[in-house]
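Enquirer: Structure in structure tokens, see below.
The values are calculated or read from the model by the stated rules, or taken from the named source; none is laboratory data. From a predicted model like this one, the values you see are computed outputs, not experimental measurements. Using ideal geometry, Cβ is built from the backbone for each residue, glycine included, and neighbour counts are taken over all protein chains shown. Remember, those area values only see protein heavy atoms, side chains included, never the ligands or the DNA or RNA. Shrake-Rupley method; radii C 1.70, N 1.55, O 1.52, S 1.80 Å.
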Amino acid sequence: MQLTITGRNVEVTDWLREYVEKKVNRLDRYLPNITEARVELAVENTRAAKDRQVAQVTLRTKQAILRGEEASADMFASIDAMLDKM
């Protein structure tokens with residue numbers, strides 16, 4: 001599986017990158033046909049502070065494209081909730 005992690009208005013540190021890689025690699029157990037995974041982490045300028053940290057994932061397989069998005073006040077909580085949806 002090819003994994004791409006990008007950040008928008010946020011610096012993707014090594015620790016954050018390792019955390020995302022560890023979590024996304026767990027999806028391989030449930031979806032063994034994943035060929036590509038793209039994760040986008042963003043800090044948006046919204047009025048509500050609880051929805052500023054956004055995590056999105058797009059998974060490509062031979063048959064389908066799956067996408068999930070979650071927003072919260074903490075980036076790690078957003079990543080966990082997004083992967084729980086997947």
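Enquirer: For the chain, with all protein chains present and a 1.4 Å probe, just round the carbon and sulfur fraction of the accessible area to a whole percent.
Expert: Values: 2440 of 5570 Å².
Of all accessible area on the chain, carbon and sulfur atoms account for 44 percent.
Enquirer: Roughly how tilted is helix 75-85, in degrees to the nearest 10 and between 0 and 90, from the longest Cα axis of the chain?
Expert: 40
Enquirer: How far apart, in nm, are the 7 Å Cα→Cβ label points at L66 and T4?
Expert: Label at L66, label at T4, 2.0 nm between them.
Enquirer: Okay, moving on. Using a Gaussian network model of the chain whose springs link C-alpha atoms within less than 10 Å, name the residue from R67, R29, R52 with the highest mean-square fluctuation.
Expert: R29
Enquirer: Of all DSSP beta bridges in the chain, what percent run antiparallel (nearest 5)?
Expert: Working: 16 of 23 bridges.
For the chain, the DSSP antiparallel bridge percentage is about 70.
Enquirer: What size of dipole, in debye to the nearest 20, comes out for the chain about its Cα centre when the only charges are +1 on Lys and Arg C-beta atoms and -1 on Asp and Glu C-beta atoms? Don't jump to the answer; show the numbers that get you there.
Expert: On the way: 14 positive and 14 negative charges, 57 e Å.
I would put it at about 280 debye.
Enquirer: With every protein chain left in place and a probe of 1.4 Å, what is the accessible surface of V43, to the nearest 10 Å²?
Expert: 40
Enquirer: For the chain, what does -39500 (n - 2.57) per DSSP helix run (n ≥ 4), summed and divided by total residues, give at 222 nm, in deg cm²/dmol to the nearest 500? Walk me through the intermediate numbers first.
Expert: Values: 2 runs with 28 residues, N = 86.
The helix contribution divided over the chain gives -10500 deg cm²/dmol.
Enquirer: What value in Å³ per residue do you get for the convex hull of the alpha-carbon atoms in the chain?
Expert: On the way: hull volume 6.9 nm³, N = 86.
Spread over its residues, the Cα hull of the chain gives 81 Å³ apiece.
Enquirer: Tell me the angle of helix 14-30 to the major Cα principal axis of the chain, expressed in degrees between 0 and 90 and rounded to the nearest ten.
Expert: Result, in degrees: 40.
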